[in-house]
Amino acid sequence: MATRETLTVTDNRTGKQYELPIENGAIRTADLRQIKVSPDDSGLMGYDPALTNSATCKSKITFIDGDKGILRYRGYPIEELAAKSNYLETAYLIVKGELPDERHLEMWKYNITIHSMVHENIKKFMDGFRYDAHPMGMLVGTVGALSTFYPDAANINDLESRRLQTRRLIGKLPTLAAFAYRRTLGLPYVYPDNDLSYTGNFLSMLLKMTELKYQPNPALERALEVLFILHADHEQNCSTNALRAVASSQVDPYSAVAGAVAALYGPLHGGANEAVIRMLTEIGSKERVPEAIKKFKAGEGRLMGFGHRVYKNYDPRAKIIKQTAYEVFEVTGKNPLIDIALELERIALEDDYFVSRKLYPNVDFYSGIIYQAMGFPVTMFPVLFAIPRTSGWMAQWAEMVRDPEQKIVRPRQIFIGEAPRAYIPIAQRPAPSMREDAVSPEI
Ligand SMILES: CC(C)(COP(=O)(O)OP(=O)(O)OC[C@H]1O[C@@H](n2cnc3c(N)ncnc32)[C@H](O)[C@@H]1OP(=O)(O)O)[C@@H](O)C(=O)NCCC(=O)NCCS
């Protein structure tokens, strides 16, 4: 039988048949609109509340095979990049599509580094936050505010403008993040030191005290480079989807990245490694691990840092992070939580509950342990995620802007509310009970 790249659908309401093209393993849900029961029917829709099975774009940036545990940026395996590359080189790869030669890498480094300074006014509104403001909340606000400093960023269809905003954002994110951190400690802000590497300068802006020049520890600098490489992009995750949705209105990229940072702030996205630290601290010792596993299996809480919507195998990033942890401990001393984490992993990977559900350690299982060993408070964890993810966001943004198939994002809904009804003057409305939830228990 001759095969065709199509899907034949029979509408049992009408008996009609439709043949829909299949391209890249997908049908276009817009093709379903021709399936109608009557001419005034607006057509069949797809219902996919969390976009769990809907591709919203074609992308050349990141490839994930969740079943096999594969992650590649622009075709390069994450393991090779983590072992051989550095963050700025990987950011170049993600943004431009190819690894740079020496001259282009030098130019890229220069072009990013000259944008590491921020306008002095930024310090003033950093100061305006309350003394106990969360650094991620400060980041959402200050990244969004950058759009007011760079009105030229509105020229999203201009290649040179896109390049400039990309360099500015990658250059300034560590500065904003470090300023937010210093603000929470009440310490003076440290200006960028452009003689240092991207991560070395970030450590300097975080940690420099009275010394004339801060010298980052090479092992910690390298560990941060590896963590930044691993977090640079992850295709259409929650914050990237938020970025694409916001940017689809053709707003400037600072506003769109602020939307992405806001999405990353949520505990289900950028905050999961904090939850891992809380869980490990609560378990408290290796001996209490079997008891904790028993509880997770009984549905009392979840084993945080385990399981993933896409990976049904060991998250390749988790493997690299686990190895990096030991390199960090050589400098910082061992974080005792690692022993509890290792025991959890050992028991879970032998337990049928976790094996049959394909629950493996994800990127967050070990990253918090490293950050904690390096002295970062848990409130900085999502900030440390946002810095490297900026290169991924900018690559995804540029791809979307150039894609002729993209339009303003405007999903449909299935309306399940009231049928039409007449307005009732206030005096004639029945008196509700005084309880607030008598009218709407939902809000
Ligand atoms: C990441 C996560 C949200 C993915 O969720 P999902 O793809 O929607 O998977 P589901 O919630 O449908 O889980 C499928 C099954 O595995 C179980 N499960 C999933 N993650 C679990 C975990 N971490 N601990 C214990 N059980 C878990 C669920 O209870 C469910 O079991 P059931 O089929 O008996 O009901 C989920 O695995 C999770 O909550 N993990 C912990 C939080 C975390 O580490 N988040 C960071 C992700 S990078």
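Could I get the Rg over Rh figure for region 182-291? Both from C-alpha atoms, Rh via Kirkwood, rounded to two places.
That ratio equals 1.07.
Rounded, prolate or oblate: which fits region 31-159 when a ≥ b ≥ c are the square roots of the eigenvalues of the alpha-carbon gyration tensor, with rounded for a/c under 1.5 and prolate only if a/b beats b/c?
In terms of gyration-tensor shape, oblate.
Long-range amide H contacts for residue 20: which residues qualify at under 5 Å (H placed 1.01 Å from N, peptide plane, sequence gap of 5 or more or a different chain)?
7, 8, 9
Would you kindly derive the ³J(HN,Hα) couplings of region 263-277 from the backbone phi angles with the Karplus curve 6.51 cos²θ - 1.76 cosθ + 1.60 (θ = phi - 60°), listing them in order in whole Hz, with x for Gly and Pro?
Using θ = phi - 60°, the values come out as 5, 6, 5, x, x, 7, 10, x, x, 5, 5, 5, 5, 5, 4 Hz.
Could you check the simple spin-label distance between residue 352 and residue 107, using points 7 Å along Cα→Cβ, in nm with one decimal?
Modelled inter-label distance: 6.1 nm.
Among 209, 394, rank each residue by its count of other Cβ atoms within 10 Å, from fewest to most, as a rough exposure measure.
Least crowded to most crowded, the residues run 209, 394.
Over its Cα atoms, what ratio of radius of gyration to 2.2 N^0.38 Å does region 165-227 give?
1.09
If you line up the Cα atoms of region 224-268 on their principal axes, what length do they span on each, largest first, in Å?
Dimensions of region 224-268 along the principal axes of its Cα atoms: 34, 21, 16 Å.
Hey, what number do you get for the chain at 222 nm if only DSSP H runs of n ≥ 4 count, each worth -39500 (n - 2.57), divided across all residues, to the nearest 500?
It comes out at -15000 deg cm²/dmol, rounded to the nearest 500.
Compare 19, 120, 343 in a GNM of the chain, Cα atoms joined below 10 Å, and give the one with the largest fluctuation.
19
Evaluated at 20 °C with a viscosity of 1.002 mPa s, what Stokes-Einstein diffusion coefficient in µm²/s does region 85-160 have when Rh comes from the Kirkwood expression over alpha-carbon pairs?
142
Exactly which GluC sites (Glu not before Pro) in region 363-420 are in a DSSP loop and have at most 10 other Cβ atoms within 10 Å?
405, 418
Given springs between every Cα pair under 10 Å in a Gaussian network model of the chain, which of 194, 241, 12 has the largest fluctuation?
Of 194, 241, 12, the most mobile in the Gaussian network model is 12.
Top mean-square fluctuation among 88, 159, 220, Gaussian network model of the chain, C-alpha springs under 10 Å?
Residue with maximal mean-square fluctuation among 88, 159, 220: 159.
List, in order, the whole-Hz ³J(HN,Hα) value for each residue of region 241-253 obtained from phi through the Karplus relation with A = 6.51, B = -1.76, C = 1.60 and θ = phi - 60°; use x for Gly and Pro.
Working through the residues one at a time gives 5, 5, 4, 5, 5, 5, 5, 5, 7, 6, 6, 5, x Hz.
May I ask you to list the residues of region 184-204 whose amide nitrogen lies under 12 Å from a point 7 Å from Cα along the Cα→beta-carbon direction of residue 123?
Flagged as within label range: 188-192.
Which value results for Rg/Rh of region 114-203 when Rg is the Cα radius of gyration and Rh the Kirkwood radius based on the inverse mean 1/r?
The Rg/Rh ratio comes out at 0.98.
Which whole-Hz couplings ³J(HN,Hα) result when phi for each residue of region 179-187 is put into the Karplus expression 6.51 cos²θ - 1.76 cosθ + 1.60, θ = phi - 60°, listed in order with x for Gly and Pro?
4, 4, 5, 5, 4, 5, 8, x, 9
Relative contact order (percent) for region 142-257, with alpha-carbon contacts under 8 angstrom and 6 or more residues of separation?
Result for region 142-257 is 35 percent.
Please give the charge dipole size of the chain, origin at the Cα centre, charges +1 on K and R Cβ atoms and -1 on D and E Cβ atoms. Round to the nearest 20 debye.
Dipole about the Cα centre, nearest 20: 580 debye.
Say R0 is 56 Å: what FRET efficiency, to the nearest 0.05, do residue 422 and residue 210 get from their beta-carbon distance?
That pair, residue 422 with residue 210, gives E of 0.15.
Please figure out what share of the DSSP beta bridges in the chain is antiparallel and state it in percent, rounded to the nearest 5.
If we restrict to bridges inside the chain, about 100 percent are antiparallel.
Provide Rg over Rh for the chain; use the alpha carbon set for both Rg and the Kirkwood Rh (inverse mean inverse pair distance).
1.02
How big is region 315-406 by the Kirkwood estimate over distinct Cα pairs, in Å?
15.5
Just flag the trypsin sites (Lys or Arg not before Pro) in region 116-147 sitting in loop per DSSP whose Cβ has no more than 12 other Cβ atoms within 10 Å.
130
R0 = 25 Å: FRET efficiency of residue 54 with residue 155, Cβ-based, nearest 0.05?
0.20
Distance in nm between label sites at residue 83 and residue 24, each 7 Å beyond Cα in the beta-carbon direction?
Those two pseudo-labels are separated by 3.1 nm.
Which of 355, 9 has the fewest other C-beta atoms within 10 Å, and how do the rest follow up to the most?
The most exposed by this proxy come first: 355, 9.
All of the numbers you see were taken from the coordinates with simple rules; none came from a lab. As the structure is a prediction and not an experimental result, all values here were calculated from the model. All Cβ positions, even for glycine, are placed from backbone atoms using ideal geometry, and neighbour counts span all protein chains on display.
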